1. All but one of (1) at pLDDT below 95; (2) in contact with a Cys (Cβ under 9 Å, 6 or more places away or on another chain); (3) not charged (D, E, K, R) hold for residue 20; state the number of the condition that does not hold.
2. Could you look through the range 37-62, keep only residues that are within 8 Å of the chain's Cα centre (by Cα) and of a type outside the set (Asp, Glu), and pick out the one that is farthest from residue 3 (Cα to Cα)?
3. Residues to consider are 10, 36; find the one that is open to solvent by less than 60 Å² (accessible area, probe 1.4 Å), in contact (Cβ under 8 Å) with a residue 24 or more places away in the chain, among the β-branched types (Val, Ile, Thr) and touching a strand residue (DSSP E or B) at 6+ places or on another chain (Cβ under 7 Å).
4. Here is a check on your reading of the model: is residue 23 within 12 Å of the chain's Cα centre (by Cα) and surrounded by 13 or more Cβ atoms within 10 Å (Cβ to Cβ)?
5. From the set of residues in the range 45-84 that are in a loop (DSSP other than H, G, I, E, B) and open to solvent by less than 30 Å² (accessible area, probe 1.4 Å), which is nearest to residue 18 (Cα to Cα)?
6. Criterion first (acidic (Asp, Glu) and under 11 Å from the mean Cα position of the chain (by Cα)) does residue 5 satisfy it?
Amino acid sequence: MVTPDVVLLTKADCHLCTAARAAVERVTSGLGVAWTEQRIEDDPELQQKYAEEIPVVLVDGVQRDFWTIDEQRLTRILKKALAA
């Protein structure tokens, strides 16, 4: 079984990021999947690419959601990835 790589892109002083952290944690913990958080301020390329869309959820390097995280969609995506 391949574990999907889940990354939450955030930035400082982002109220949406707080809600996104909680949403990603609920979904991933329910499925037994680890996730990481990366601040875009630490990477100029990410900052340029995602500055207006934060927070962003990447699954295996593919943008899957931004601003408000849809927990049902993220659950479906991760279940599909886990089944592959």
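1. Looking at each condition in turn, residue 20 falls short on (1).
2. Kept after step one, since they are within 8 Å of the chain's Cα centre (by Cα), are these residues of the range 37-62: 37, 55-59.
Right, trim to of a type outside the set (Asp, Glu) and you get 55-59.
On the way: 55: 22, 56: 19, 57: 16, 58: 14, 59: 10 Å.
Per the stated criteria, the residue is 55.
3. Details: 36 fails: open to solvent by less than 60 Å² (accessible area, probe 1.4 Å).
Exactly one residue qualifies, and that residue is 10.
4. Working: within 12 Å of the chain's Cα centre (by Cα): yes; surrounded by 13 or more Cβ atoms within 10 Å (Cβ to Cβ): yes.
For residue 23, the condition - within 12 Å of the chain's Cα centre (by Cα) and surrounded by 13 or more Cβ atoms within 10 Å (Cβ to Cβ) - is met.
5. Applying the first criterion (in a loop (DSSP other than H, G, I, E, B)) to the range 45-84 yields 51-55, 60-61, 67-70, 84.
If we keep only those that are open to solvent by less than 30 Å² (accessible area, probe 1.4 Å) too, we end up with 54-55, 69.
Details: 54: 11, 55: 9, 69: 11 Å.
Applying the filter and picking the extreme gives 55.
6. Numbers: acidic (Asp, Glu): yes; under 11 Å from the mean Cα position of the chain (by Cα): yes.
In short, yes.
The values are calculated or read from the model by the stated rules, or taken from the named source; none is laboratory data. Nothing here was measured: the structure is a model prediction, and the numbers come from that model. FYI the Cβ positions are ideal-geometry reconstructions off the backbone, even for glycines, and counts take in every protein chain you see. Surface accessibility is based on the protein's heavy atoms, side chains included, excluding ligands, DNA and RNA. Shrake-Rupley method; radii C 1.70, N 1.55, O 1.52, S 1.80 Å.
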